[in-house]
Amino acid sequence: MFGIEARRVVAWMNGCKGDPKLPIGSIETRTLTVVPSPSKAMERLNVAIRELKCSPPPLTSGILRLQVPIEEQIEAIEWLHAQHDNLPRCFFSGRRSRANGNGSNLLMDIGNENGDTSFTNNLVGVAGVGSAVFFQQLHPFSYHDWRSIKRLLSSKCPLIRAYGAIRFDATANISPEWKAFGSFYFMVPQVEFDELEGSSMLAITIAWDNALSWTWDEAIHSLETTMQQIASVVVKLKKEASGESILSKTHVPNKTHWDLAVKKALQEINTSSSELVKVVLARSSRILTATNIDPIAWLACLQVEGEDAYQFCLQPPNGPAFVGNTPERLFHRKWLSIRSEALAATRARGESRALDLQIENDLLSSPKDHLEFTVVQENIRNKLESVCDRVVVEPKKTVRKLPRIQHLYAQLTGNLRREDDEFEILSSLHPTPAVCGLPKEAARLFISETEMFDRGMYAGPVGWFGGGESEFAVGIRSALVGKDSGALIYAGTGIVEGSNPSSEWDELELKTSQCTKLLQLEVPRQSKVENMEIIY
């Protein structure tokens with residue numbers, strides 16, 4: 001489905017190929033004077049690049065970020081849309097409620113070259129183009145790979161961050177549509193646009209390491225090539241349905257095979273000799289449209305519904321875009337403080353306040369949903385307790401409401417014993433029972449034997465590593481968007497004792513509706529493809 005399009009070939013530095021035990025020469029952020037617009041920021045950065053070429057650093061390795069505060073507030077998603085198909089690219093918007101301003105925003109004290117620290121703002125969203133350094137391998141994400149990323153990060157430079165995603169199951173074979181991502185893919189953007197509350201910022205990052213055969217001169221030349229492609233004019237996006245027409249919509253599995261898979265799972269769960277308590281089964285829906293879907297414009301539309309959710313986009317060179325609007329946090333770490341959450345069970349929102357409350361009460365009182373939720377909450381708590389001194393669950397169980405759906409929810413907080421436990425948390429929390437099942441290995445094995453498609457990064461960790469702070473969401477409510485008129489939309493649902501195949505199918509439809517209904521994608525009447533199946 002996703003053909004590789006001919007694009008300019010640019011060399012990048014793969015940070016995973018170095019020795020993470022060798023310290024990087026320098027990690028530095030320089031803030032330049034404030035300017036009124038993105039075009040002025042581009043001018044200022046181009047001058048700075050020319051100055052850097054005249055006075056290269058004496059070090060054999062390092063990472064340098066130059067950032068220019070912009071007086072005007074511009075949305076990061078709109079800046080990224082103006083860059084068209086410049087690859088690789090990334091976008092991440094932390095979960096925040098526009099109603100009360102709460103969310104996972106990073107408070108920054110930005111001092112410029114004149115010593116002015118008047119820019120103190122919350123970071124709303126980040127968009128990046130080009131790769132100062134990337135991290136990718138075919139093997140599962142390891143402690144060595146984590147150390148390779150952390151080697152180029154520092155708490156003194158909080159906005160030098162590596163954005164990316166990790167496969168749901170790194171032991172599974174990678175299908176063609178996910179090949180460009182490898183088992184994991186992270187990037188530190190070469191050119192980055194930061195949307196702040198009340199202002200913006202444009203930045204460039206240069207990374208070099210002679211030991212990786214990537215010199216300062218090569219890094220500067222690569223940055224100049226990327227800067228030549230950057231558009232400084234940003235146009236306001238219309239965040240509304242595009243009216244695209246679906247030519248075909250097919251599901252893997254189709255309804256018949258879905259029913260069989262759910263019944264097989266229930267049979268396994270109800271077998272006395274089986275250890276399986278819960279398994280999450282997923283569906284891949286292929287949508288073909290008359291014209292190409294613009295992944296950034298699509299994500300901007302999803303952003304309208306994204307209050308209290310994370311929005312993300314990750315697109316490596318010569319690959320499709322992985323985009324999503326996920327409500328689920330895997331974890332957020334700031335220094336040693338860490339928080340995670342349990343999110344499970346799903347209901348639609350009611351059309352009236354009374355009906356919505358009735359649905360909420362039904363969700364809270366449902367034994368089946370309580371079981372599914374308890375499995376998730378207790379598992380996350382046990383994982384946190386293994387590396388934290390104290391874990392608090394508050395609230396223990398409530399309902400979290402989103403524009404189309406509502407879930408059972410609990411928040412868990414704790415304090416890590418040491419910062420290196422971040423890798424342990426990431427590797428132990430993922431995959432959570434909310435996207436895999438319990439016990440984890442038994443559920444993962446059942447999924448690998450039952451599902452007929454590659455989940456890729458769907459339901460895997462999506463987010464960023466920073467020096468003193470990191471944050472990851474769970475890559476659900478997501479899709480893979482290619483350049484050949486189509487998308488793969490993913491959704492899953494938890495199967496526990498008491499589950500019903502038809503009800504679980506309806507839940508899949510509900511979860512994918514934010515992607516399809518939002519864009520007003522309607523299947524033509526003559527196209528009868530509701531239960532068509534794809535084999536690949």
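The values are calculated or read from the model by the stated rules, or taken from the named source; none is laboratory data. Note that the structure is a prediction, hence the values are computed from the model and not measured. Neighbour counts run over all protein chains shown; Cβ positions are idealised from the backbone, glycine included. The protein model used for the area step is the full one, side chains on, heavy atoms only, and it has no ligands, DNA or RNA in it. Shrake-Rupley method; radii C 1.70, N 1.55, O 1.52, S 1.80 Å.
Table for the structure above
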read-out: Relative contact order, percent, the range 219-374 [alpha-carbon distance under 8 Å, six or more residues apart]; value: 15 percent
read-out: Sequence-distant aspartates and glutamates (8 or more away, or on other chains) whose Cα lies within less than 12 Å of residue 53; value: 217, 218, 224
read-out: Pairwise FRET efficiency - residue 427 versus residue 502, Cβ, R0 = 35 Å, nearest 0.05; value: 0.45
read-out: Student exercise, the range 260-348 dipole from Lys, Arg, Asp, Glu Cβ charges, in Debye to nearest 20; value: 260 debye
read-out: Binned Cα-Cα distance frequencies in the range 422-489 - 5 Å width, integer %; value: 3, 14, 21, 22, 17, 12, 8, 3, 0
read-out: Segment residue 173-residue 197, extension gain: residue separation times 0.36 nm, minus the distance between their alpha carbons; value: 4.4 nm
read-out: Amide H within-cut-off set for residue 331, under 5 Å, with H built and near neighbours excluded; value: 472
read-out: Neighbour count of at most 15 Cβ within 10 Å plus DSSP loop: longest GluC sites (Glu not before Pro)-free window in the chain; value: 114-196
read-out: Phi-based couplings in Hz for the range 36-48 (Karplus 6.51, -1.76, 1.60; Gly and Pro marked x); value: x, 8, x, 5, 5, 5, 4, 4, 5, 6, 5, 5, 5
read-out: Nearest-ten-degree value, helix 367-385 long axis tilted from longest Cα axis of the chain; value: 40 degrees
read-out: The chain - percent of accessible surface contributed by carbon and sulfur, probe 1.4 Å; value: 50 percent
read-out: Extension gain from residue 22 to residue 292, taking 0.36 nm per residue of separation minus the Cα-Cα distance; value: 92.7 nm
read-out: Under-5 Å amide H pairs with residue 310, H placed in peptide plane, nonlocal only; value: 326, 328
read-out: Residue 405 long-range amide H proximity, modeled H, under 5 Å; value: 349
read-out: Three-way shape call for the range 279-423 based on the alpha-carbon gyration tensor, with the a/c threshold at 1.5; value: oblate
read-out: Translational diffusion coefficient (Stokes-Einstein; Kirkwood radius from C-alpha pairs) of the range 139-228 at 10 °C, 1.306 mPa s, in µm²/s; value: 102 µm²/s
read-out: Relative contact order, percent, the chain [alpha-carbon distance under 8 Å, six or more residues apart]; value: 21 percent
read-out: J(HN,Hα) series, the range 502-509, from Karplus relation 6.51 cos²θ - 1.76 cosθ + 1.60, nearest Hz, glycine and proline x; value: 5, 5, 5, 4, 4, 5, 4, 4
read-out: Net length gained if the chain between residue 51 and residue 215 were fully extended (0.36 nm per residue, minus Cα distance); value: 57.3 nm
read-out: Net charge of neighbours whose Cβ lies under 10 Å from the Cβ of residue 201, counting Lys and Arg as +1 and Asp and Glu as -1; value: -3
read-out: The range 86-91 - phi-based ³J(HN,Hα) in whole Hz, Karplus 6.51/-1.76/1.60, Gly and Pro as x; value: 5, 10, x, 8, 8, 8
read-out: Cβ charges +1 (Lys, Arg) and -1 (Asp, Glu), total dipole of the chain, debye; value: 180 debye
read-out: Set of lysines with alpha-carbon distance to residue 150 below 22 Å, sequence-local pairs under 8 removed; value: 17, 21, 334
read-out: Theoretical FRET efficiency, 1/(1+(r/R0)^6), r = Cβ-Cβ of residue 445 and residue 337, R0 35 Å, to 0.05; value: 0.50
read-out: Hits among lysines - C-alpha to C-alpha of residue 249 under 22 Å, sequence gap 8 or more where chains match; value: 483, 511, 517, 528
